[in-house]
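All remarks here apply to the structure that follows.
The values are calculated or read from the model by the stated rules, or taken from the named source; none is laboratory data. No experiment lies behind these values; they were computed from the predicted model shown. Here the Cβ positions follow ideal geometry from the backbone for every residue, glycine too, while neighbour counts run over all protein chains shown. When the accessible area is computed, the model is the full protein with side chains, heavy atoms only, and any ligands, DNA or RNA have been set aside. Shrake-Rupley method; radii C 1.70, N 1.55, O 1.52, S 1.80 Å.
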Amino acid sequence: MSTNANTTQELTGSRLPNPQQLVPEMGDVAKALFKATGNGSVPRTTIGLIQLRAGQIVGSTYLVLQQAGGLRKAGESEERIAAVVTWQDAPYFTDAERAALALVEAVLQPSPEGPRVSDELYTQASAHYDDKALATLAMAIGQVNFFVPVAVIGKPIPGVSPAAQWTPVAGQ
């Protein structure tokens, strides 16, 4: 049962103070990951789509809304954004995007039937992406997963800007 103080905190900001103030190196890692995934070998839209799917898989509304917002700003249609959760039977995705979405699912969901990324899936993905692009896709999955613990532990409020919800660290 939540107390009044917890309810107020949940409505106005994250449970954690600003994580970048607590661990300043976090910003350097985040910048390096953004630079690595922006190397041009994979379209930014594809990266946004797989990161949206990752947020859905891990069950983080904050990450889902953040990625969906980024896709909207990049000009993606509401149909494509909404259909990411059902990409397997949605008509809105290219074969390359489908391969990337299959990769993110394979990496983030255990497979009771064998390896997460089967040889068949790897072959399918490598038909659309060269080695650099496959490594970039791996980094893009890692990039969104870098923020999962902060999103799950800190519980930032979806739709609230980081500046408005990450309270400053006392004494900094």
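Which aspartates and glutamates, on any chain, are close to LYS73 with Cα under 18 Å apart, when same-chain ones fewer than 8 places away are left out?
Partners within reach: none.
Can you work out the Karplus-derived ³J(HN,Hα) for every residue in region 131-137? Use 6.51 cos²θ - 1.76 cosθ + 1.60 with θ = phi - 60°, whole Hz, and x for glycine or proline.
4, 5, 5, 5, 5, 5, 4
Return one whole number: the accessible area per residue of region 23-71 in Å², for a 1.4 Å probe.
That works out to 45 Å² per residue.
Could you work out what % of the accessible surface of the chain is carbon and sulfur, using a 1.4 angstrom probe and leaving DNA, RNA and ligands out of the count?
Whole-percent figure for carbon plus sulfur exposure: 58.
What number comes out for the charge environment of LEU71, summing +1 per Lys or Arg and -1 per Asp or Glu over other residues with Cβ under 10 Å away?
Taking every other residue near LEU71 into account, the sum is +2.
Per-residue ellipticity at 222 nm for the chain, helices alone: DSSP H runs ≥ 4 residues times -39500 (n - 2.57), over residue total, nearest 500 deg cm²/dmol?
Result for the chain: -19500 deg cm²/dmol, rounded to the nearest 500.
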